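Enquirer: Before anything else, here's the structure in question.
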4 protein chains.
Amino acid sequence: MIIVLKPGASHAEIEDISRRIQAMGYRPHVSSGEARTVIGAIGDDRGKERLAALESLECVEKVVRILQPFKLASREVHPDNTTFQVDHVTIGGRRVVVMAGPCSVESRDQLMAVATGARAAGAVILRGGAFKPRTSPYTFQGLEEEGLKLLAEARKRTGLPVVTEVLEPQKVELVAEYADILQIGARNIQNFSLLKRVAECGKPVLLKRGMATSVQEFLLSAEYILSGGNPNVMLCERGIRTFETSTRFTLDLNAVPVLKKLSHLPVVVDPSHGTGHWEYVAPMAKAAVACGADGLIIEVHNKPEEALSDGPQSLKPDRFAQLMSELRTLAEAVGRTI
Amino acid sequence: MIIVLKPGASHAEIEDISRRIQAMGYRPHVSSGEARTVIGAIGDDRGKERLAALESLECVEKVVRILQPFKLASREVHPDNTTFQVDHVTIGGRRVVVMAGPCSVESRDQLMAVATGARAAGAVILRGGAFKPRTSPYTFQGLEEEGLKLLAEARKRTGLPVVTEVLEPQKVELVAEYADILQIGARNIQNFSLLKRVAECGKPVLLKRGMATSVQEFLLSAEYILSGGNPNVMLCERGIRTFETSTRFTLDLNAVPVLKKLSHLPVVVDPSHGTGHWEYVAPMAKAAVACGADGLIIEVHNKPEEALSDGPQSLKPDRFAQLMSELRTLAEAVGRTI
Amino acid sequence: MIIVLKPGASHAEIEDISRRIQAMGYRPHVSSGEARTVIGAIGDDRGKERLAALESLECVEKVVRILQPFKLASREVHPDNTTFQVDHVTIGGRRVVVMAGPCSVESRDQLMAVATGARAAGAVILRGGAFKPRTSPYTFQGLEEEGLKLLAEARKRTGLPVVTEVLEPQKVELVAEYADILQIGARNIQNFSLLKRVAECGKPVLLKRGMATSVQEFLLSAEYILSGGNPNVMLCERGIRTFETSTRFTLDLNAVPVLKKLSHLPVVVDPSHGTGHWEYVAPMAKAAVACGADGLIIEVHNKPEEALSDGPQSLKPDRFAQLMSELRTLAEAVGRTI
Amino acid sequence: MIIVLKPGASHAEIEDISRRIQAMGYRPHVSSGEARTVIGAIGDDRGKERLAALESLECVEKVVRILQPFKLASREVHPDNTTFQVDHVTIGGRRVVVMAGPCSVESRDQLMAVATGARAAGAVILRGGAFKPRTSPYTFQGLEEEGLKLLAEARKRTGLPVVTEVLEPQKVELVAEYADILQIGARNIQNFSLLKRVAECGKPVLLKRGMATSVQEFLLSAEYILSGGNPNVMLCERGIRTFETSTRFTLDLNAVPVLKKLSHLPVVVDPSHGTGHWEYVAPMAKAAVACGADGLIIEVHNKPEEALSDGPQSLKPDRFAQLMSELRTLAEAVGRTI
């Protein structure tokens, strides 16, 4: 951290701040420029947050962070890409992993129809929500445990491992019984109790960026899981909130190369939630693969116009199959497979 | 809802959509303009979300919502302001309720010093965090139950009712044992499991807007609590995320008159988190009272430069006392007291 | 500026960068921490932008700015508030200056009705657009010079000085013939040719913040006018663009104390454009005065429902009079007059 | 447009509004639901903006737009893609058009080095700024006419047509003398005087989206040029402003499929300004091609670390050549060439 003093800071003030820095366990390094004195705080990073409190002193103009606050998630301490297995599927490898399925599990018929269609088209992981975080209390909240059972049945039938969302710490154990990958949704990106619990659980995690989560905060949320002892985390970009309303969210593909640069964790993209309209899912899925995504998660529904949630952004199975075929050619062109 | 068809929609398509609308329990009302046919869906609102799925049909251009999706939170069904009691304090009345205290409970000495100072200056509710949602896993996470006990002790000593944050459903009972008001933090605004649990608990709730939560979503989160049987909800504006970086968040005071127009619930403003800098707390607190806020929640710390969290935005007790004195004059000028 | 090197930067790289810093006229100051080497560039600020280009070197992680890039607009070089006269009106003094009038000048009848009403209610400056920047080419574009003549006539009749917008460099002279204050609209905040021309013209300027303009960029735009020789600049906050849609823009009142801290220039607030709905104009106008605004600019129209532009956000004259009366009490409570 | 009335609107109010709608030249169509009465205004679209003013009536809740406000830019009235020639280069065809060159023209040596490198790598249009819109008045403002002459010289030497920015209406003629394509920069997207002048000029236009410009406003700015008689407009996405700071702007690639759906105009992407860091230019350029962009505009500089503007986001010629080679394979995979 660098503490920038206000112009005219006195000698006594500089000494006072240096002493405080030392008391917190850092080595102060004073540098006096023409317009400002700045004091660097050199030393171990953990807990450097406390240095930020110096900003409340009258003589301090601002406190500037130099280092990224995450460690285990950082490529600096772990230069190679992380890869891990989910059943027979390798996450983070050369193959771009496609997860597909309905937004919500609605019925056995619906799920089996979509799952077999998705599998036939080349998806290697099945998605489907049993516990649904819904903005309104008056809308469909998911089939809950019944939905989990249907997912397990679909896995048995198709051989596809299952990713599904868990909404609260007390349900982690239950969901982990049925799921191969635990999904933390965008609304829970800073639900730290939940992050700690999925860390303990040990199952692979698909961590979705929140709609107002900076890349730095995103990696700090991953850090909660990694530092809790679970190294198998995928980062999922799913759209951020901006002023633009022609898409439901603004899928921030810039985050793909940024995350790949800062972190070693696999990066997945969700063009369905990111855009909110099925017509934009295919072009954005292609763009995601082109800029380096390690995976895609795509909503597929056999009757989107009757879906109990997120119908407008779901692809019909035939459109999904068409997209998969186009993605195959594209992936090859960027040195990947699908 | 209004379903706008693409130009050139055929008679058969119009009939098909009308049938679907009817099947969902609404009455279709077709209106053919020069450029577009639009079909209104008339009827009970609950579940109207399902109509949105029609957007996935090829012949549909978009589905436009006409009514607000919340009910119990709406002024339309509850024209009078909601007021309720917390101990001897009336929330939502003529008096602007000031809650003050440290970001985190750090020690008995710290809490008692701040609590007695806050009380002397005119605060009527004590705030203080025992369970802290922290962006980084490496920073202070709160004193937890020990912190709750100190809060209870401070209440006994000062007579001030206590508001403190609860982070997970399983802890609602524990926190409710010690607290007079349960705070739902910005990061949990769409933690629906938590909302449902505080609804059941019945204690008054301070519900903070998330950093990317629209006013409509904010009121839908309140609706979770109200429809769960707990009518005592305060809405708290605490800053949204925008491109501007000179403040930590952008305190959105526009939300005060907007919420007062749309809803009957009391509205509280948090200028400390909203701005992130103590120098801006006083002007924004005054602005909040001027535009109609029913309460303020302000961070006060006896040694902000040593605070374990949010030091830069905390007021020292003497500055808080000065602000309270200025707020008193101001409140009177807008027909309120403090 | 501080140049932060990547971990493992070699001695040769540190020397190379130090040499480059020296070649650009600054003194390098190397500080080696445990995790990073940082090099300060000490010296005169002008042109420090060029140091930013060092970020393109492989060994550089980032370049961090320490000083604000504006000078003449800064309170650091000009500690006292700027005040200036527009006719008999003092801008930036104890009196909060209220400017009122229609969005567009539409006709003599309309303008005279509004101007006399605004004056009677206590406005001291008349606003009105003759050249209108309209998002769509198919909407009313203003009466142009005819509008300017009507404004001059209204000034003659009411004694109120006139503020009106100028859209392009070639029209500065023409508009300055009729107007007492030149308004630069939000869409022209970075129209640097226009800024340079109004600097030369010398007439007082009302500079509106753009909808995506940071406070720093706002003050740099003011710096164009100040450094061009015109010291009489008012800064006007008029709403920024965020994800929230319940207001047309998000009036960012935080900018008022931020601007007052960083700069000596008078700060004006436009609650009409900032919110886009007449119902929110009064509360936000009050909030603006409470947090330290030196002026308000408010749209008033005798028949808002027939206005050729911005009807929904215009106050009728009687509502404006009511607001002025409330503002008078409020201003007194914060040590100002109106 | 649809006018939504407040609950309890009286018969007289419904009649009054219907009369007003008729007076403005539209046919009212009343539809009474259980909770609201809505009135459609049917008829020619031009000037429908005026209907928005009805929102200021007490009995009106809101006015909802049904149709997009642009026409000539719309795919609805012009179903086929627009293509046009710039010298021997076809814009909007199967070939993805790559424009490359320095941010600013700095010297003959710099420009010729970059231009010949860009050409050798496969760029077909040369970019370079002679008039530079700079945030600070203290930074390099461009070589102006001298820069234009150098661009013309580079065109002669390389055969590449030239795109360069024009900043003010009075300079359109001058810039058009030297340039093949006139660039309107992000800061001038709503500089309507400038848009009208480039419309008259008739030269092809590269129109950059502003940093807070919605897709709808973007197309309305294009509409200014089209309705002024100039059909040769390219739309350029170059990054919008969001809360995320790890990139300079947030390149909004979603805008590519959205614009291609709504409009027939060619769409170009600027990954250099969009991300602000050279390391992210290549992945985002690839993503742009994958999601359907018709062109790219990329900053190339022979010595980015000494660039007078935008060094951090400029590619060195060898990295640009490497990118072009990768783009060729990718373009083929999506049915395009480069």
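Enquirer: Counting only helical runs of four or more DSSP H residues, what would the 222 nm mean residue ellipticity of the protein assembly as shown come to if each run contributes -39,500 (n - 2.57) and the total is spread over all its residues?
Expert: Result for the protein assembly as shown, helices only: -10500 deg cm²/dmol.
Enquirer: Can you tell me the relative contact order of the stretch D:1-154? Whole percent, Cα pairs under 8 Å, sequence separation 6 or more.
Expert: Here the relative contact order equals 17 percent.
Enquirer: P(r) for the stretch B:149-208, please, calculated from all Cα pair distances in 5 Å bins and given in %.
Expert: In order of increasing distance, the bins hold 4, 21, 32, 22, 13, 7, 2, 0 percent.
Enquirer: Given a Förster distance of 35 angstrom, what is the FRET efficiency for residue C:261 paired with residue D:94, based on the Cβ-Cβ distance and rounded to 0.05?
Expert: 0.05
Enquirer: Please report, for the Cα atoms of the stretch A:89-142, the Rg to one decimal and the Dmax as a whole number; what are they, in angstrom?
Expert: 13.5, 43
Enquirer: Between their Cα atoms, which of C:156/C:316; D:149/D:203; A:6/B:132; A:286/D:260; D:132/D:171; C:203/D:208 are more than 20 Å away from each other?
Expert: Pairs exceeding the cut-off: C:156/C:316; A:6/B:132; C:203/D:208.
Enquirer: Please list the non-local residues whose amide H lies under 5 Å from the amide H of residue A:234, H modeled 1.01 Å from N, same-chain partners needing a gap of 5 or more.
Expert: A:205, A:206, A:207
Enquirer: What residue among A:16, A:80, A:310 shows peak mean-square fluctuation when chain A is described by a Gaussian network model with Cα springs under 10 Å?
Expert: A:16
Enquirer: Give the share of C-alpha pairs in each 10 angstrom bin for the stretch C:266-338, from 0 to the last occupied bin, in whole percents, shortest bins first.
Expert: 21, 52, 22, 4
Enquirer: In nm, give the distance between the simple-model label positions of residue A:200 and residue B:108, each being 7 Å from the Cα along the Cα-to-Cβ direction.
Expert: 3.0 nm
Enquirer: Please work out how much accessible surface residue C:298 shows to a 1.4 Å probe, ignoring ligands, DNA and RNA, in Å² rounded to 10.
Expert: Rounded to the nearest 10, the figure is 0 Å².
Enquirer: So, with +1 on the Cβ of K and R and -1 on the Cβ of D and E, and no other charges, what is the size of the charge dipole of chain B about its Cα centre, to the nearest 20 debye?
Expert: Its charge dipole is roughly 440 debye.
Enquirer: What is the mean number of Cβ atoms from other protein chains located within 10 Å of the Cβ atom of each residue in peptide A:253-264, rounded to a whole number?
Expert: 6
Enquirer: Distance in nm between label sites at residue A:322 and residue D:157, each 7 Å beyond Cα in the beta-carbon direction?
Expert: 4.9 nm
Enquirer: Please identify, among D:178, D:280, D:138, the residue showing maximal mean-square fluctuation in a Gaussian network model of chain D using a 10 angstrom Cα cutoff.
Expert: Judging by the Gaussian network model, the answer is D:138.
Enquirer: Roughly what angle does helix D:11-23 make with the longest principal axis of chain D, taking Cα atoms, 0 to 90 degrees, to the nearest 10?
Expert: Between the helix axis and the principal axis of chain D, the angle is about 50 degrees.
Enquirer: Next question, about the same structure. What ³J(HN,Hα) values, in whole Hz, does the Karplus curve 6.51 cos²θ - 1.76 cosθ + 1.60 give for the stretch C:299-311 when θ = phi - 60°, with x put for Gly and Pro?
Expert: Those phi angles translate into 8, 10, 9, 6, 9, x, 6, 10, 4, 7, 7, 6, x Hz.
Enquirer: A follow-up question, please. Would you be so kind as to identify which of B:287, B:249, B:262 lies farthest towards the positive end of the dipole of the stretch B:199-338, taking Lys and Arg as +1 and Asp and Glu as -1 on Cβ and the Cα centre as origin?
Expert: Working it through, the farthest residue towards the positive pole turns out to be B:262.
Enquirer: Of C:222, C:255, C:35, which has the largest mean-square fluctuation in a 10 Å C-alpha GNM of chain C?
Expert: Looking only at C:222, C:255, C:35, the biggest GNM fluctuation is shown by C:35.
Enquirer: Which residue, chosen from A:5, A:323, A:18, occupies the Cα position most advanced towards the positive end of the dipole of chain A, where the dipole is computed from +1 (Lys, Arg) and -1 (Asp, Glu) charges on Cβ about the Cα centre?
Expert: Looking along the dipole axis, the top candidate is A:323.
Enquirer: Placing unit charges on C-beta atoms (Lys and Arg positive, Asp and Glu negative, everything else neutral), compute the dipole magnitude of the stretch A:244-338 about its Cα centre in debye, rounded to 20.
Expert: Computed charge dipole of the stretch A:244-338: roughly 320 debye.
Enquirer: Residue C:338: net charge of surrounding residues, Cβ under 15 Å, Lys/Arg +1, Asp/Glu -1, itself excluded?
Expert: Summing Lys/Arg as +1 and Asp/Glu as -1 gives +3.
Enquirer: Enter the angle in degrees (range 0 to 90, nearest 10) between the Cα long axis of helix B:215-227 and the first principal axis of the Cα atoms of chain B, meaning the one along which they spread out most.
Expert: The two axes meet at around 80 degrees.
Enquirer: Next up: Run a plain Debye calculation on the protein assembly as shown (Cα atoms as equal point scatterers, no solvent) and give log10 I(q)/I(0) at q = 0.08 Å⁻¹, rounded to two decimals, same order as the q list.
Expert: The Cα Debye sum returns log10 ratios of -0.99.
Enquirer: Relative to the other copies, what are the label-point distances for residue D:156, with labels 7 Å from Cα along the C-beta vector, expressed in nm at one decimal and sorted shortest first?
Expert: 5.7, 8.1, 9.3
Enquirer: Need one value for D:185-195: mean number of C-beta atoms belonging to other chains within 10 Å of its residues' C-beta atoms.
Expert: 6
Enquirer: Viscosity 1.002 mPa s, temperature 20 °C: what is the translational diffusion coefficient of chain D from Stokes-Einstein with a Kirkwood Rh over Cα pairs, rounded to a whole number of µm²/s?
Expert: 100 µm²/s
Enquirer: In whole Å, how far is the Cα centre of the stretch D:240-269 from that of the stretch D:270-338?
Expert: Cα centroid of the stretch D:240-269 versus Cα centroid of the stretch D:270-338: 15 Å apart.
Enquirer: Could you compute how fast the stretch A:207-331 diffuses translationally, taking Rh as the Kirkwood radius over C-alpha pairs and applying Stokes-Einstein at 10 °C with viscosity 1.306 mPa s? Give it in µm² per second.
Expert: Rounded, D is 106 µm²/s.
Enquirer: Which value, in Å to one decimal place, does the Kirkwood hydrodynamic radius take for the stretch D:131-276 when every pair of different Cα atoms is included?
Expert: In the stretch D:131-276 this quantity evaluates to 15.8 Å.
Enquirer: From the protein chains alone at 1.4 Å, what is the descending order of accessible area for D:108, C:65, D:134, C:238, largest first?
Expert: So the residues, ranked largest to smallest area, are D:108, C:65, D:134, C:238.
Enquirer: Among C:70, C:39, C:57, whose Cα projects farthest towards the positive end of the dipole of the stretch C:1-73, with charges put on the beta-carbon of Lys, Arg (+1) and Asp, Glu (-1)?
Expert: With unit charges placed on the Cβ atoms, the residue in question is C:70.
Enquirer: If you place +1 on the Cβ of every Lys and Arg and -1 on the Cβ of every Asp and Glu, how big does the dipole about the Cα centre of the stretch B:203-254 come out, in debye to the nearest 20?
Expert: Around 220 debye, computed over the stretch B:203-254.
Enquirer: Taking chain A as the reference, fit the longest principal axis to its C-alpha atoms, fit the long axis of helix A:317-333 to the helix C-alpha atoms, and give the angle between the two in degrees, 0 to 90, nearest 10.
Expert: 50 degrees
Enquirer: Report the extension gain between residue D:65 and residue D:87 in nm, rounded to one decimal, defined as 0.36 nm multiplied by the number of residues separating them, less their alpha carbon distance.
Expert: Using 0.36 nm per residue and subtracting the Cα-Cα distance, I get 3.8 nm.
Enquirer: Would you mind calculating the relative contact order of chain C from Cα pairs under 8 angstrom and at least 6 residues apart, reporting the percent as a whole number?
Expert: 16 percent
Enquirer: Taking the alpha-carbon centroid of each part, what is the distance from the stretch A:184-226 to the stretch C:98-157 in angstrom?
Expert: Using only Cα atoms to place each centre, the spacing works out to 54 Å.
Enquirer: Based on the mean of other beta carbon atoms within 10 Å per residue, what is the order of D:196-203, D:179-186, most packed first?
Expert: Listed from highest to lowest mean packing, they are D:179-186, D:196-203.
Enquirer: Here's something else I'd like to know. Would the stretch D:55-148 count as rounded, prolate or oblate if I go by the C-alpha gyration tensor, calling it rounded below 1.5 in a/c and otherwise prolate when a/b exceeds b/c, oblate otherwise?
Expert: oblate
Enquirer: Take peptide D:129-137, look around each residue's Cβ out to 10 angstrom, count Cβ atoms belonging to other protein chains, and average those counts.
Expert: For this peptide, the per-residue mean of nearby foreign Cβ atoms is 6.
Enquirer: If each label sits 7 angstrom from Cα along the C-beta direction, how far apart, in nm, is residue B:329 from its counterparts in the other copies?
Expert: Result, one decimal in nm: 1.6, 7.2, 7.4.
Enquirer: From the backbone phi of the stretch B:78-90, what are the Karplus-calculated ³J(HN,Hα) couplings (6.51 cos²θ - 1.76 cosθ + 1.60, θ = phi - 60°) in whole Hz, Gly and Pro given as x?
Expert: 8, x, 7, 4, 7, 10, 8, 9, 10, 6, 8, 9, 8
Enquirer: Ok, one more. Could you compute how fast the stretch B:220-267 diffuses translationally, taking Rh as the Kirkwood radius over C-alpha pairs and applying Stokes-Einstein at 37 °C with viscosity 0.692 mPa s? Give it in µm² per second.
Expert: This corresponds to a translational diffusion coefficient of 270 µm²/s.
Enquirer: Report for the protein assembly as shown the percent antiparallel among DSSP-assigned beta bridges with both residues inside it, nearest 5.
Expert: Percentage antiparallel, nearest 5: 40.
Enquirer: Can you compute the modelled spin-label distance between residue B:329 and residue B:6, with each label point 7 Å from Cα toward Cβ, in nm?
Expert: 6.5 nm
The values are calculated or read from the model by the stated rules, or taken from the named source; none is laboratory data. Only a predicted model underlies this, so the values are computations on that prediction, with no experimental measurement involved. Note: ideal-geometry Cβ built from the backbone for every residue, glycine included; neighbour counts use all protein chains shown. Remember, those area values only see protein heavy atoms, side chains included, never the ligands or the DNA or RNA. Shrake-Rupley method; radii C 1.70, N 1.55, O 1.52, S 1.80 Å.
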